[in-house]
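The values are calculated or read from the model by the stated rules, or taken from the named source; none is laboratory data. All of these numbers come straight from a predicted model, not from anything done at the bench. Cβ sites come from the backbone with ideal geometry, for glycine too, and all protein chains shown count toward neighbours. We work out accessible area using only protein heavy atoms, side chains counted, and drop any ligands, DNA or RNA first. Shrake-Rupley method; radii C 1.70, N 1.55, O 1.52, S 1.80 Å.
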Amino acid sequence: MGKKVVVIGAGPGGIMAAGKAAERGHNVTLFEKNDRIGKKILISGKGRCNITNNTDIEGLIENIPGNGNFLYSAFYTFSNHDLIEFFEQYGLKTKVERGGRVFPVSDDAKDVNNALLKFLNKAKVNLRLNSPVQEIKAKNNTVTGVVLKDGTEVPCDAVVLATGGASYPGTGSTGDGYVMAKKLGHTIVDLKPSLVPLLAEEEWVKELQGLSLKNVSITILSKAGKKIYTDFGEMLFTHFGVSGPIILSASRHILDYDYKNVKLVIDLKPALSEEKLDERILRDFEKYSRKQYKNSLDDLLPKKMIPVIVKLSGIEPEKFVNQIKKEERRALVRLLKNLTLNINGSRPIKEAIVTAGGVSTDEINPSTMESKLVKGLYFAGEIIDVDGYTGGFNLTIAFSTGYLAGVSC
Ligand SMILES: Cc1cc2nc3c(=O)[nH]c(=O)nc-3n(C[C@H](O)[C@H](O)[C@H](O)COP(=O)(O)OP(=O)(O)OC[C@H]3O[C@@H](n4cnc5c(N)ncnc54)[C@H](O)[C@@H]3O)c2cc1C
């Protein structure tokens, strides 16, 4: 006779845990408060779901700045390559893109959820949608059951808590699991937004709202001028500051700075050295020699950006181009190569891709995902104090920890 297992939360962590536990012959009920499984999966990877990353285990750990070492057992038990194989087995073909990112061939996150649903059905998991769990019951530091929000008590031998983080609460991850874990004596390491848009001090960002820049390079500098991070790719200006793929990635590198007292330096023309850019501008200035400066940058910059750059360059906008001095032109070159923003915060946790912090890894056995404080209680996914960079690492964490919890409970 298998045990009676309750899994709370049908995200990637909970689904994997439930299916694996059921495959082992346990009687598994998966409670999900939404009317469907994997709501966050549907919006992941811009609706394409970056399932995992095609790297090795060291590569996974390196990309998990939040307690990556805690995950060795989980990844050795169920690796990213095992995950790809798992999906193939349930009919989901995958492909590898830039940076090792793995996506469904169909580019459709719905297909990931369909594969997971097949897995749950095949394993005979009792899936209970629209069923929020309120509390986990324990006696003598051992799990005895759960209580649903409607008051129903469900006795069980083991619970896997997989309610996710506190980001994008519209997907169901409203942080309920932290409350349940805390009530049972667990330490919740401070929750912080990670992979999150950044706030800038400069008012002029508002004028650039909605402007997306492709192929720019960024550098993040500490107050003391130390280089913290560099990247190349796409970013976006917003009414409050900056966002977009390279900004979200950069944000994790300044979490320890609380997103304050750092500078973001944007190189708008990374393919050109200062000399080459100067030559390029000189050519434009020759072409537009009878125009005013403010009307001479159309070939060089997106339209929206021109008034901002003109203002920041300090060159008189009405000045005719043929009157611009060499030093002024050089200063313009430096500005385009070093457009600087003072970062003074981040958007809130609800707008972050992941939640850093969570149930302390000191209180979880890394070989089983079982709580060290409450017997029969297991954790899976983002609720644990682990977080990775973009690139498929966060879903990999959820699936691998879910697997380990499912085969251990
Ligand atoms: C916009 C966005 C894009 C992302 N893209 C990617 C990506 O492409 N690749 C990647 O690796 N990561 C991505 N992530 C991160 C990744 O989706 C999460 O880290 C991952 O989903 C966490 O899995 P989880 O199972 O721990 O939690 P979740 O996926 O959050 O699932 C938790 C589940 O628990 C349920 N739940 C919560 N409380 C209760 C309760 N009291 N009772 C019952 N059920 C409850 C929730 O409704 C939810 O279904 C993205 C995140 C966001 C927000």
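Observations
- Per residue, the accessible area of the stretch 197-346 comes to 50 Å², computed with a 1.4 Å probe over protein heavy atoms only.
- Selection from ALA74, GLY99, ILE57 lying farthest towards where the dipole of the stretch 1-141 points positive, charges on Cβ: ALA74
- Ordering VAL374, ILE353, LEU335 by Cα displacement along the dipole of the stretch 278-383 toward the positive end leaves LEU335 in first place; charges were set at the Cβ atoms of Lys, Arg (+1) and Asp, Glu (-1).
- To put it simply, the accessible area of the chain at a 1.4 Å probe is 49 percent carbon and sulfur.
- Counting only Cβ charges, +1 for Lys and Arg and -1 for Asp and Glu, the dipole size of the chain around its Cα centre is about 620 debye.
- Distance between the stretch 121-177 and the stretch 33-93 - C-alpha centres, whole angstrom: 22 Å
- Percentage relative contact order, the stretch 151-207, counting C-alpha pairs under 8 Å, at least six apart: 18 percent
- Rg/Rh for the stretch 197-346, where both radii come from Cα atoms and Rh is the Kirkwood radius: 0.99
- Cα gyration tensor shape of the stretch 97-219, rounded if a/c is under 1.5, else prolate or oblate by comparing a/b with b/c: oblate
- Rolling a 1.4 Å probe across all protein chains gives GLU88 an accessible area of roughly 80 Å².
- Packing, taken as the mean count of other beta carbons within 10 Å per residue, orders the peptides 342-354, 306-318 from highest to lowest as 342-354, 306-318.
- The stretch 171-221, dipole about Cα centre (Lys/Arg Cβ +1, Asp/Glu Cβ -1), debye to the nearest 20: 340 debye
- The trypsin sites (Lys or Arg not before Pro) found in the stretch 195-276 that occupy coil by DSSP, while having at most 12 further C-beta atoms within 10 Å, are LYS223, LYS226.
- Between the stretch 361-409 and the stretch 222-264, the alpha-carbon center distance in angstrom: 29 Å
- About its Cα centre, the stretch 197-346 has a charge dipole of approximately 240 debye under the convention of +1 per Lys or Arg Cβ and -1 per Asp or Glu Cβ, with nothing else charged.
- Overall dimensions of the chain as given by Cα atoms, namely Rg and Dmax in Å: 25.2, 89
- Normalising the average separation of contacting C-alpha pairs (under 8 angstrom, six or more residues apart) by the number of residues puts the relative contact order of the chain at 25 percent.
- Here the contact order of the stretch 219-339, divided by its residue count and restricted to Cα pairs under 8 Å and six or more residues apart, works out to 25 percent.
- Derived scalar couplings ³J(HN,Hα) [the stretch 289-297; Karplus, 6.51 cos²θ - 1.76 cosθ + 1.60; whole Hz; x for Gly, Pro]: 4, 9, 9, 7, 3, 4, 10, 10, 10
- Within the chain, DSSP assigns beta bridges of which about 75% are antiparallel (rounded to the nearest 5).
- Solvent-accessible area of ASP298 with every protein chain in place, 1.4 Å probe, in Å² to the nearest 10: 80 Å²
- Helical mean residue ellipticity (222 nm; -39500 (n - 2.57) per DSSP H run of 4+; nearest 500) of the chain: -8500 deg cm²/dmol
- Cβ-based charge dipole, the chain, positive-most Cα from TYR389, TYR293, GLY244: TYR293
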